[in-house]
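Heads up: the structure comes next, in structure tokens.
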Amino acid sequence: MALDPKPARRGDPTVAALLTWFLPGAGHAYLGQFGLGLALFALVDGLFFLGLQLSNGMTFEFLDPELRSPFAPVLSPEIGNLGGMLWQMRNHGFGPGIVRPFPEAIVFGSMLAALSGVLNGLAMCHAHTLARASSVQVAHRVLLPTAAGFVVPGLGHLMQGRRARGLVVFALLMSCFVLGTLLAEGSNLSRERHFYYWAGQFGIGLPGMLAELAFGKLRVTSDIPYVDGGLVFGCVAGMLNLLALIDVYGWSESQELGLPLKSSEPESPAPAASKVEIRL
């Protein structure tokens, strides 16, 4: 049920989202929510800089030398926090150009920096909705199932009452992720080994992070016969969950703001007007 068929706009939704992308909380400050903007800045950039501290800013040194370029980090979760990623590239980049030992906490630190990018993406969605919503609570209700869908694939759909779709999303994506992990023998859980496949897989959310913390340090002692297939399955699972999150967000925003939902079924054509023959 729509709460506000024609909500008054607080500002331009695109501007609010772009400001948030460059600086967490800036879009909310633009919309007049200074306290919320400050809290988001502390959360998102706090996680980011804690991750940099734990990893010593060496995450992008995971990339092989031939893969390093100014645009290489774009295909990483940190892109969601654009300002932070640019700061990291300017101050740390790809390191001094020599091989050096990674800090012990680099896995956890790298994960926190990546998580900050995802959280800022959610903050961008919140700012976009807030610019169109009648209240902050409406934006909260739109964002909550979207964030839940990142925590557990399909949970956002379940919260919306779309149980069948939520169960299908959970079963399909988790099966794909588990199968990929088995085929790759856990090597898909290492960002150091497979930087870009890991970036796509990160979209699977909490299950992927927990699996990495538990099994991401497994040593590879021999060739893995089906590693390529495993990497693809894991990466596809994460990327499909990102599409599922878009579905959850769009559905929630349409419901809360009273926007028309686009039907997936084609409209039936209008019946042709019957011809009347008149004889004189």
Next item on the list: Would you kindly compute the Cα radius of gyration of the stretch 158-259 and its largest Cα-Cα separation (Dmax), both in Å?
Entry: 15.5, 57
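Expressed as a fraction of 2.2 N^0.38 Å, the rule-of-thumb size for a compact globular protein of N residues, what is the C-alpha radius of gyration of the stretch 213-258?
Details: Rg = 17.7 Å, N = 46, 2.2 N^0.38 = 9.4 Å.
Ratio of Cα Rg to 2.2 N^0.38 Å: 1.88.
With 21 Å as the cut-off, how large is the P(r) tail for the stretch 11-132, expressed as percent of Cα-Cα pairs? If you can, show how the numbers build up before the last one.
Numbers: 2871 of 7381 pairs.
Tail of P(r) above 21 Å: 39 percent of Cα pairs.
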Item checked: Overall Cα dimensions of the chain - principal axes, largest extent first, Å -> 96, 49, 36
Next item on the list: Net charge near ARG191: determine it from the other residues with C-beta under 12 Å of the C-beta of ARG191, scoring Lys and Arg +1 and Asp and Glu -1.
Entry: -2
Check: Roughly speaking, what is the centre-to-centre gap between the stretch 123-143 and the stretch 148-212 when only Cα atoms are used, to the nearest Å?
Finding: 26
Next item on the list: Under a 10 Å cutoff between Cα atoms, tell me which one of PRO70, PRO13, PRO101 has the largest fluctuation in the Gaussian network model of the chain.
Entry: PRO101
Next item on the list: Report ³J(HN,Hα) in whole Hz for each residue of the stretch 211-228, in order, from the Karplus equation J = 6.51 cos²θ - 1.76 cosθ + 1.60 where θ = phi - 60°; Gly and Pro get x.
Entry: 5, 5, 5, 7, 10, x, 9, 5, 7, 9, 10, 7, 5, 9, x, 10, 4, 4
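Which value in deg cm²/dmol, rounded to the nearest 500, describes the helix-derived mean residue ellipticity at 222 nm for the chain, given -39,500 (n - 2.57) per DSSP H run of n ≥ 4 and division by the residue count?
On the way: 11 runs with 162 residues, N = 280.
Rounded to the nearest 500, it is -19000 deg cm²/dmol.
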Checklist line | Cβ-defined net charge surrounding SER76, 14 Å radius [Lys, Arg +1; Asp, Glu -1] | finding: -1
Next item on the list: Find the Cα radius of gyration of the stretch 91-212, compare it with 2.2 N^0.38 Å by division, and give the number to two decimals.
Entry: 1.28
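Here, each number is a calculation from the coordinates, and none is a lab measurement. Bear in mind that the values here come from a model prediction, so they are computed numbers and not experimental data. When we count neighbours, we look across all protein chains shown, and the Cβ atoms used for this are built from the backbone with ideal geometry, even at glycine.
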